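A.B. asks: Sharing a structure with you now.
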Amino acid sequence: MLRTWLFGLFALLAGGAAFADPPAAAPPRVKTENGWVVGAEVGPSHAFRAIPYAAPPVGPLRWRPPQPAASWKDDLQATADGPACPQPIIPGGHPNGGGYFGPTSENCLTLDVFAPPTAVKAPVMVWIFGGGNAAGADSIAPNDGRYFARDGVVLVAMNYRLGPLGFFAHPALTKEARHGAPLANYGLLDQIAALKWVKRNIAAFGGDPGNVTIFGESAGGADVLTLMVTPAAKGLFQKATVQSGGGWGAPVSLAQAEAAGVSLATKLGLPAGATAAQLRALPADKLVGAGVAQIVVDGRLVVETAAQGFARGHQAAAPLIIGSNSWEASLLPPANYSAYAAAASPATRAAYADVAADPDKLAQALFTDAAMAAPARWFAAKASKKAGAWLYEFSYVRLVRRGKIPGANHTSENPYVFDTQMIVPNYASEIQDADRQVATFMHACWVGFAKTGKPGCAAEDEPWPAYDPASDELMQFDATPAIVAHYRKPQLDAQQAAQGAAIGP
């Protein structure tokens with residue numbers, strides 16, 4: 001009887017042990033300077049979303065430098081994307097097109113962190129999205145950071161003020177600002193505030209605050225170049241990468257920006273002598289999409305353009321990856337082809353004899369080289385003298401688009417850098433093995449750079465050499481990656497000569 005009872009008890013206990021649900025793993029929880037944040041497991045990463053890094057820039061804080069975020073007592077549930085900063089929303093927009101179509105709010109100064117679950121002093125990469133400094137968000141699918149975390153990198157992406165809410169000047173704002181306070185470049189100030197947050201907090205997520213790489217695409221790349229010559233950003237990063245960031249162009253002075261601000265305010269119904277209070281009373285939706293978002297040489301935060309700073313050797317001593325895509329002219333409306341080609345000098349057009357007979361091809365080649373390829377090579381040459389640079393050209397077109405477009409369009413490299421092809425809506429089903437191989441290779445270059453300061457790419461047949469103007473070699477990301485010497489040298493030389501004094505010696 002006793003033996004039977006014991007056997008039954010053993011069977012009951014064993015059965016209970018076999019069929020009981022295992023205890024749920026606790027969600028990742030990290031203490032920041034403002035309080036505890038609770039994230040979630042997202043694929044191979046611990047993801048924390050919409051963490052405030054500065055106070056909401058609303059009411060009296062609109063068009064002021066970012067202020068410290070308020071602390072919280074209870075756990076902050078950091079599992080859902082926050083709103084993006086105000087921007088135009090394209091009806092029927094889709095993330096594959098590079099646009100943002102979610103909720104927006106002026107209360108948008110938040111950031112996301114994707115961390116390896118067991119990270120300790122891991123390299124950190126801080127992403128600055130593109131969109132003309134007028135659109136975009138840290139939550140767009142191609143720029144998801146989980147696969148950087150998978151490969152041992154802590155990925156941070158921030159929202160920053162956009163359009164006239166982020167880049168705006170007006171005499172009334174200048175008058176009220178304290179002596180020496182930065183003006184006009186509020187979106188850039190947000191980026192610096194986010195980098196300072198990283199320096200103070202990222203160790204709690206397993207990141208190394210002494211090994212930070214800033215990287216950005218398009219306007220985000222231009223912002224990276226500007227941060228490299230901005231004294232207030234000194235010491236906040238150690239390496240940088242720039243994807244299709246341009247960087248040439250005449251400086252915009254504070255006086256010019258103030259005049260543009262007055263013009264915008266009057267168009268919105270304010271008097272020419274509008275006060276700061278009247279400006280701040282404007283509804284955000286009236287400002288969205290109005291005016292042009294430009295970095296301003298205010299003489300306080302921004303003391304020189306990126307091109308001026310690099311020409312003078314003032315850039316940070318940070319290793320740099322920089323490059324562009326083979327069809328940046330995807331940004332140029334076909335209706336503008338004729339006017340764009342006609343504006344080029346005869347000397348510049350002479351370098352394009354191979355496409356001179358086709359006006360459309362000529363315009364697209366001129367634009368691609370002038371806007372992105374020539375500036376990238378020029379910045380690489382300047383950076384090579386200080387901390388080293390690596391130049392690239394991305395020309396890969398995924399298989400389903402072959403024959404439909406003339407080359408790699410603007411922004412098309414992002415899912416390759418982030419290795420996110422398989423999580424972008426309506427994109428994963430199109431991806432084939434050849435596309436995945438290019439993504440694996442390119443992503444590894446960025447990961448290796450974050451870890452070591454050199455782009456140690458996966459399965460290299462030949463190493464990616466540091467840029468030297470004499471040998472003039474770049475990495476061409478295509479179906480078969482290759483080192484190419486003197487890529488489009490006559491054309492890029494002609495574009496650089498056309499810039500003349502605008503970019504310095």
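A.B. asks: Can you tell me the 0 to 90 degree angle between the C-alpha axis of helix 489-499 and the longest principal axis of the chain, rounded to 10?
C.D. replies: It works out to around 70 degrees.
A.B. asks: Residues with beta-carbon under 11 Å from that of Val42, excluding Val42: net charge, scoring Lys, Arg +1 and Asp, Glu -1?
C.D. replies: 0
A.B. asks: Which value, in Å², gives the accessible area per residue of the chain when a 1.4 Å probe is used on the protein heavy atoms?
C.D. replies: That works out to 42 Å² per residue.
A.B. asks: Also, I was wondering about something else. Please give the calculated 222 nm ellipticity per residue for the chain, where each DSSP H segment of at least 4 residues contributes -39500 (n - 2.57) and the sum is spread over every residue; nearest 500 deg cm²/dmol?
C.D. replies: -9000 deg cm²/dmol
A.B. asks: Here's another thing I want to ask about it. Normalised by the empirical 2.2 N^0.38 Å for globular proteins, what value does the Cα Rg of region 359-487 take?
C.D. replies: Scaled against compact globular proteins, the figure is 1.10.
A.B. asks: OK, next. Summarise the accessible area of region 104-220 (1.4 Å probe, protein heavy atoms) by the percent that is carbon and sulfur.
C.D. replies: 53
A.B. asks: Still on this model: What distance in nm separates the simple spin-label points at Asn107 and Asp285, each placed 7 Å from Cα in the Cβ direction?
C.D. replies: My value for the distance between the label points is 1.8 nm.
A.B. asks: Another question, if that's okay. Excluding Tyr53 itself, calculate the net charge of residues whose Cβ lies under 14 Å from the Cβ of Tyr53, where each Lys or Arg counts +1 and each Asp or Glu counts -1.
C.D. replies: +1
A.B. asks: Then there's this: Of all the Cα-Cα pairs you can form in region 94-172, what percent are over 16 Å apart?
C.D. replies: So the portion of pairs separated by more than 16 Å is 57 percent.
A.B. asks: Can I ask one more? Write down, largest first, the equivalent ellipsoid semi-axes of region 149-304 in whole Å, where each equals the square root of 5 times an eigenvalue of the alpha-carbon gyration tensor. Please list the in-between numbers first.
C.D. replies: Details: eigenvalues 198, 49, 45 Å².
Over the Cα atoms of region 149-304, the semi-axes work out to 31, 16, 15 Å.
A.B. asks: While we're looking at this one, here's another question. Do you know the relative contact order of region 421-479, to the nearest whole percent, from alpha carbon pairs under 8 angstrom that are 6+ apart?
C.D. replies: 24
A.B. asks: Still on this structure: Label-point separation (nm) for Trp36 and Ala485, each offset 7 Å from Cα along Cα-to-Cβ?
C.D. replies: Those two pseudo-labels are separated by 6.1 nm.
A.B. asks: State, to one decimal in nm, how far the label point of Asp74 lies from the label point of Gln256, with both points 7 Å from Cα in the Cβ direction.
C.D. replies: Here the modelled spin labels are 5.1 nm apart.
A.B. asks: On to the next question. With every protein chain kept in the model, how would you rank Arg161, Arg300 by accessible area, 1.4 Å probe, largest at the top?
C.D. replies: Arg300, Arg161
A.B. asks: Gap in Å between the Cα centre of region 173-201 and the Cα centre of region 350-374?
C.D. replies: 39
A.B. asks: In addition: Amide H neighbours of Phe237 under 5 Å, at least 5 residues apart or on other chains, H built in the peptide plane: list them.
C.D. replies: Residues meeting the amide H criterion: none.
A.B. asks: Right, something else. To two decimal places, what compactness ratio does region 357-397 give when its Cα radius of gyration is scaled by 2.2 N^0.38 Å?
C.D. replies: Normalised by 2.2 N^0.38 Å, the Cα Rg of region 357-397 equals 1.47.
A.B. asks: If you don't mind, there's one more thing I want to ask. Given H placed on each backbone N at 1.01 Å, which residues far from Leu76 in sequence or on other chains put an amide H within less than 5 Å of it?
C.D. replies: Placed amide hydrogens put Trp36, Val37, Val38 under 5 Å from Leu76.
A.B. asks: So what does Tyr186 come to for accessible area, using a 1.4 Å probe and Å² rounded to 10?
C.D. replies: Here the accessible area works out near 0 Å².
A.B. asks: Applying the Karplus parametrisation 6.51 cos²θ - 1.76 cosθ + 1.60 with θ = phi - 60° to the phi angles of region 330-345, what ³J(HN,Hα) value in whole Hz is obtained for each residue in order, glycine and proline being reported as x?
C.D. replies: 4, 7, 9, x, x, 5, 9, 4, 4, 5, 5, 5, 5, 6, 6, 5
A.B. asks: Largest first, please: the extent of the C-alpha atoms of region 400-466 along each principal axis, to the nearest Å.
C.D. replies: The Cα atoms of region 400-466 stretch 35, 25, 21 Å along their principal axes.
A.B. asks: For region 243-322, compute Rg over Rh where Rg is the Cα radius of gyration and Rh is the Kirkwood radius from the inverse mean 1/r over Cα pairs.
C.D. replies: A ratio of 1.09.
A.B. asks: Alpha carbons only, please: Rg and Dmax for the chain, in angstrom.
C.D. replies: 24.8, 107
A.B. asks: Note down the net charge around Gly145, summing +1 for each Lys or Arg and -1 for each Asp or Glu among other residues with Cβ under 10 Å from its Cβ.
C.D. replies: Within the 10 Å Cβ shell, the charges total -1.
A.B. asks: Ok, one more. If I take R0 = 51 Å and measure r between the Cβ atoms of Ala25 and Gln499 in this structure, what FRET efficiency does the formula 1/(1 + (r/R0)^6) give, to the nearest 0.05? Don't skip to the end; give the middle numbers.
C.D. replies: On the way: r = 56 Å, r/R0 = 1.10.
With R0 = 51 Å, the Cβ-Cβ based efficiency is 0.35.
A.B. asks: From the phi angles alone, apply the Karplus equation (6.51, -1.76, 1.60; θ = phi - 60°) to region 416-421 and give each ³J(HN,Hα) in whole Hz, x where the residue is Gly or Pro.
C.D. replies: Coupling constants for region 416-421: 7, 4, 8, 6, 10, 3 Hz.
The values are calculated or read from the model by the stated rules, or taken from the named source; none is laboratory data. Computed from a predicted model, the values in this text were never measured in an experiment. Cβ: placed from backbone, ideal geometry, glycine included. Neighbour counts: every protein chain shown. Please note that ligands, DNA and RNA were not included when accessible areas were found on the heavy atoms of the full protein model with its side chains. Shrake-Rupley method; radii C 1.70, N 1.55, O 1.52, S 1.80 Å.
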